[in-house]
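Novice: Okay, here's the structure, questions in a sec.
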Amino acid sequence: MTQFKIWTDGACSGNPGVGAWAAIICDENDQIITELGQTEDRTTNNLMELRAALMALKFVDDVADVVIRTDSNLVVGWMLGTYDRKNHGCRAIADEIDRLIQHKNLSVEWVHVGGHSGDAMNERADKNAKRLIQARKRELQFPGTPR
């Protein structure tokens with residue numbers, strides 16, 4: 001069975017505001033397969049944290065073992081069922097993650113890592129998300145900039 005190690009992060013400038021998610025997907029030997037990320041113009045940090053996990057899981061093969069490392073207590077709590085899914089927008093993404101895991105027959109382990117605690121891949125995902133936000137904010141200041 002294929003194994004993936006994934007680090008995810010979400011960020012937002014303003015809450016709500018311009019946000020981004022980032023994911024780093026590695027093989028079982030910690031070799032980077034790809035780095036993903038995208039911005040949204042009006043979103044929240046929590047939505048970006050969940051979107052990062054969703055988009056990373058969309059990338060991986062069916063029938064795989066996956067370890068997702070995130071500094072988001074919300075993501076880990078919701079996906080492990082220890083947090084109540086009250087927020088409608090976040091709940092929709094979390095429910096989509098649940099369906100995707102079932103559809104792709106994934107085995108997912110959710111691991112919380114401390115933010116800014118020295119986990120190199122978590123720091124990289126954080127920087128990727130923040131870079132995406134800064135680039136998008138520049139585009140919004142100077143319309144017509146190629147995207």
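Novice: Given the Cα-Cα distance of residue 98 and residue 138 and 0.36 nm per residue of separation, how much length would full extension add, in nm?
Specialist: 10.9 nm
Novice: What do you reckon, how do 43, 34, 82 stack up by accessible area (1.4 Å probe), largest on top? Could the numbers behind the result be given before it?
Specialist: Values: 43 5, 34 35, 82 105 Å².
Largest accessible area first, the residues go 82, 34, 43.
Novice: Over the chain, what is the percentage of antiparallel beta bridges among all DSSP beta bridges, to the nearest 5?
Specialist: In the chain, DSSP labels about 60 percent of beta bridges as antiparallel.
Novice: Which FRET efficiency, nearest 0.05, do residue 1 and residue 127 yield, Cβ-Cβ r, R0 30 Å?
Specialist: 0.45
Novice: When only Cα pairs under 8 Å and 6 or more residues apart are kept, what is the percent relative contact order across the chain?
Specialist: Contact order relative to length: 30 percent.
The values are calculated or read from the model by the stated rules, or taken from the named source; none is laboratory data. Here the structure is a predicted model, which is why all the values come from computation and not from measurement. Here the Cβ is made from the backbone with ideal geometry for all residues, glycine too, and neighbour counts use every protein chain on show. Heavy atoms of the whole protein, side chains included, go into the accessibility calculation; ligands, DNA and RNA do not. Shrake-Rupley method; radii C 1.70, N 1.55, O 1.52, S 1.80 Å.
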